[in-house]
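Right, one structure below, let's go through it.
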Amino acid sequence: MHRYGMSLTIAVAGATLGVAACQRSNANAAAGSRFEIVEATIPQMREAMEQGRLTSRDLVRMYLTRLGMYQQKLRAAVYVNANALSDAEERDRERAQRRVRGPLHGIPIALKDLFDTAGVRTTAGSAIFADRVPPEDAEVVRRLKASGAVLLGKLNMHEFAYGDTSAQTHFGPVRNPWDRTRIPGGSSGGSAAAVAARLCFGALGSDTGGSIRQPAAYCGIVGLKPTYGLVSTRGVVPLSWSLDHVGPMCRSVADAAMLLQPIAGYDALDVNSISAVVPDYRSALRRKVSALRIGIPRAVFYDMLDPDIEQAVREALGVIARLTASTRDVELPPYKTLPVVGAEAWVFHAPYFTKTPQLYQSGTRQRLEGGSMVSAAAYIEGRRELERLRRAVAAVFSDVDLLVTPTTPILPQTVDEAVNNPALPPPGGVAPSLRNTQPFDIYGLPSISLPCGFSRSGLPIGLEISGPHLGETQVLALAQAYEQATDWHRRTPPV
């Protein structure tokens, strides 16, 4: 059985050996393609392990070391897998015996702490679930293991994924590795901070209103929200069954494609799962984008942008215009924020809330109280409108192939602001930082955020590329082309 310890002492104890392993592996790599381990991509790691220049044990030891070094600064992790090294050694033995499980064999991956892990606490960042130990893995966790991934541990998050800061959490606020006085975004803030700070190769996050893409933008990494239902949410602590998505958070588009590959696909036991052919997402990275038609939904998405974001996105659009066939303004089906999230969150939490409401963070408690007041009629109307919008948005893609927007209109607030003055969105509204991401949860469309610049104060800025239903290959192709044409993703945070 896996055991996780809050102290992260396993990482600290291995610090000297971890650094030595890193140096040794870099020296071994000199004979072949050169790379710094901590900056390498998953494909580079796979190649190095296939050629015998690197072991999974070396990788895991290095990341456990870094988790120990940066935990107090960032609070990105909540539990570390005490068996991670032995799991890595098992992957190395399997590789030596030519029993490679899949494309992630031996790669260290971490999980947002709302993915169930058998025999291991899964808290969703809340005191409510402080002692919750699920009996089995979430479906995506099972698939990661089947693909050979080594699970490093669980990552901090905004309590029950019901917020955009990751400052309201049982384990203390997560901090942004680019500026530790700032939030990393939320709710997958620990995942974004850990990936950006090179504490793991990649992580899984969840996205209901932007919780993968907004923290990806704030931390300068890649975050992909797939088509609704493409990736199973069974075994994931829910916020809203109708809008929850699961997706990868990585440092590069190629890594995101590799992490998406094994987790995508139909799950017969998930009532929201869709049956669809899963293409080879890695081959999508090589697709030409010169014929793509790009839509720019200026209304709302480009309104009231921070000046630094406006400038960075304007320059990014110039790059995309040179890469693709055309750009044109488009309009998306108008919508208002639906009461679906509040109502569904209340239904899940009612048994806990009625017994121990004091254990919830104040912001979560207020939101759940609001959800309890949604009438059955309002919920039904909202659910029907959700389905209508998901059908109506398809018409937009008759004239364009992809949409490009800023990921978020504002830069991250400070941790102190988020802790001491937690702002709730107005009734029927959405948090300002999620204004550009929430629509694509409502539409259920694939959407990716990737770095496109930095503010004058050194904070990352994200560009959002969105596509039609099951349009992940087009989204990944353009994201890859833009990433290769720029170098924003190569910058390293000061931590």
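The values are calculated or read from the model by the stated rules, or taken from the named source; none is laboratory data. On a predicted model such as this, the values are computed, not experimentally measured, just so you know. Please note: Cβ atoms are built from the backbone with ideal geometry, for glycine as well, and neighbour counts cover all protein chains shown. All accessible areas refer to the heavy atoms of the entire protein, side chains included, with ligands and DNA or RNA removed. Shrake-Rupley method; radii C 1.70, N 1.55, O 1.52, S 1.80 Å.
Remarks
- Listed by first and then second residue, the pairs linking a residue in the range 75-94 that is aromatic (Phe, Trp, Tyr) to a residue that is open to solvent by 10 Å² or more (accessible area, probe 1.4 Å), with Cβ atoms under 8 Å apart and 6 or more places separating them unless they lie on different chains, are Tyr79/Tyr4; Tyr79/Gly5; Tyr79/Met6; Tyr79/Arg121.
- The residue list Gly462, Gly453, Gly458 contains one member that is in a strand (DSSP E or B), at pLDDT 95 or above and surrounded by fewer than 24 Cβ atoms within 10 Å (Cβ to Cβ), which is Gly453.
- Hey, Ser147 hydroxyl-bearing (Ser, Thr, Tyr), in contact with a helix residue (DSSP H, G or I) (Cβ under 9 Å, 6 or more places away or on another chain) and surrounded by 24 or more Cβ atoms within 10 Å (Cβ to Cβ) or not: no
- Considering residues of the range 328-347 that are farther than 18 Å from Ser187 by Cβ and assigned to a helix (DSSP H, G or I) only, the residue least open to solvent (accessible area, probe 1.4 Å): Ala343
- For the range 81-99, the count of residues that are hydrophobic (A, V, I, L, M, F, W, C), surrounded by 22 or more Cβ atoms within 10 Å (Cβ to Cβ) and part of a loop (DSSP other than H, G, I, E, B) is zero.
- Qualifying residue in the range 421-435 (condition: open to solvent by 40 Å² or more (accessible area, probe 1.4 Å), under 24 Å from Gly471 (Cα atoms) and at pLDDT 95 or above): yes
- Selection status of Ser449, closer than 21 Å to Leu74 by Cβ, among the hydroxyl-bearing types (Ser, Thr, Tyr) and in contact with a Gly (Cβ under 9 Å, 6 or more places away or on another chain): yes
- Restricting the range 331-379 to residues that are farther than 20 Å from Thr165 by Cα and of a type in the set (Phe, Trp, Tyr), the residue that is modelled with the lowest pLDDT is Tyr335.
- Candidate set from the range 194-219 (those that are over 18 Å from Gly163 (Cβ atoms) and part of a strand (DSSP E or B)); member that is farthest from the chain's Cα centre (by Cα): Gly202
- Of all the residues in the range 421-443, those that are in a loop (DSSP other than H, G, I, E, B) and farther than 28 Å from Trp488 by Cα number 10.
- The sole residue among Ser290, Ser275, Ser283 that is assigned to a helix (DSSP H, G or I) and open to solvent by 10 Å² or more (accessible area, probe 1.4 Å) is Ser283.
- A count restricted to the range 390-417 and to residues that are assigned to a helix (DSSP H, G or I) and crowded, with 21+ Cβ neighbours inside 10 Å stands at 2.
- Some residue of the range 347-366 being under 24 Å from Phe171 (Cβ atoms) and among the small types (Gly, Ala, Ser): yes
- Test result for Thr233, within 15 Å of the chain's Cα centre (by Cα), touching a residue at least 12 places away in the same chain (Cβ under 8 Å) and either on the phi > 0 side of the Ramachandran plot or open to solvent by less than 10 Å² (accessible area, probe 1.4 Å) (or both): no
- The selection criterion, being within 25 Å of the chain's Cα centre (by Cα), in a helix (DSSP H, G or I) and among the aliphatic types (A, V, I, L, M), holds for Val313.
- Scanning the range 172-190 for residues that are surrounded by fewer than 24 Cβ atoms within 10 Å (Cβ to Cβ) and at positive phi yields a count of 1.
- Among the candidates Ala276, Ala299, Ala321, residue that is in contact (Cβ under 8 Å) with a residue 12 or more places away in the chain and closer than 22 Å to Ala481 by Cβ: Ala321
- Answer residue from the range 348-389, given it is in contact (Cβ under 8 Å) with a residue 12 or more places away in the chain and not in a helix (DSSP H, G or I) and is surrounded by the fewest Cβ atoms within 10 Å (Cβ to Cβ) among those: Thr356
- Scanning the range 36-49 for residues that are of a type in the set (D, E, K, R), within 18 Å of Arg95 (Cα to Cα) and either in contact with an Asp or Glu (Cβ under 6 Å, 6 or more places away or on another chain) or in contact (Cβ under 8 Å) with a residue 40 or more places away in the chain (or both) returns a single hit, Arg46.
- Tally of residues being open to solvent by 10 Å² or more (accessible area, probe 1.4 Å) and hydrophobic (A, V, I, L, M, F, W, C) across the range 244-263: 1
- Selection count where residues are in a loop (DSSP other than H, G, I, E, B) and either out of contact with any Pro (no Cβ under 8 Å at 6 or more places or on another chain) or of a type in the set (Lys, Arg) (or both), scope the range 152-170: 7
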